[in-house]
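Each value in this text was obtained by applying a stated rule to the coordinates, not by laboratory testing. Remember, predicted model here, so these are calculated numbers, not experimental data. We place every Cβ from the backbone using ideal geometry, glycine too, and count neighbours over all the protein chains shown.
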Amino acid sequence: IFLSIAIPGVGYAACLDDTPLTIVSSTDDGLYEETHGSENAIDGNLDPDSRWSNLGQGEPKHLLFDLGAVQTVKSMGIAWYKGDQRKATYAIEASVDGETFQNLRPIGMSAGASLDFETNTFDPVQAQYLRIAAEGNEANEWNSVVEVQVTGCGTQVAAPAEPVLTPRANTGLFGLDPSKSPGENFD
């Protein structure tokens, strides 16, 4: 729900709602764990086997969400894999165009206390794209998200009939190609 208030010389629209926003796609770099692609983070399933997992290997991994249109975003809930046993290190960023991102939540750790959604609330921001910049967890460099929810208000967007899938890159850990023999992976 938008409320427009006329103030002389100033235009103002306030987002008074916390409606779940549709996420039309979830993508990453294609180096996700074989059966744990990015589409699992928005499938509505809180089963830990339905998750996104991507090994950091010393650099942040980005899980990118497209809201289908510019929306007013107020919060992002993240259900972490093993979220009641360990803390994940991450930041949340937003963008209108998918190119230039602003920081909504600086790098820090999750609470490590629940398998349910951990809600990150921000000042309302205009964005079509949100991304989690994940940097592993207390136990290892794996980044694993079971499910994500985004709330705010804006344009009603229909979810696609089929999930948008990130093509799996044909590279394994450390840039090795799992379809090749060891001799083909090394000089």
Per-residue HN-Hα couplings for region 43-56 [Karplus 6.51, -1.76, 1.60; θ = phi - 60°; Hz; x = Gly/Pro]: 8, x, 10, 8, 5, x, 6, 9, 9, 9, 9, 8, 7, x
Taking only the Cα positions of region 39-114, the convex hull volume per residue in Å³ is 121
Taking Rh as the Kirkwood radius computed over alpha-carbon pairs of region 3-147 and applying Stokes-Einstein at 25 °C with viscosity 0.890 mPa s, one gets a diffusion coefficient in µm² s⁻¹ of 155
If I model a spin label at ASN140 and ASP47 as a point 7 Å from the Cα along the Cα→Cβ vector, what separation in nanometres do I get? 2.2
Sorted by average packing, counted as other Cβ atoms within 10 angstrom per residue and highest first, what order do 102-111, 145-154 take? 145-154, 102-111
Environment charge of CYS153, counting only residues whose C-beta is closer than 15 Å and scoring Lys/Arg +1, Asp/Glu -1: -2
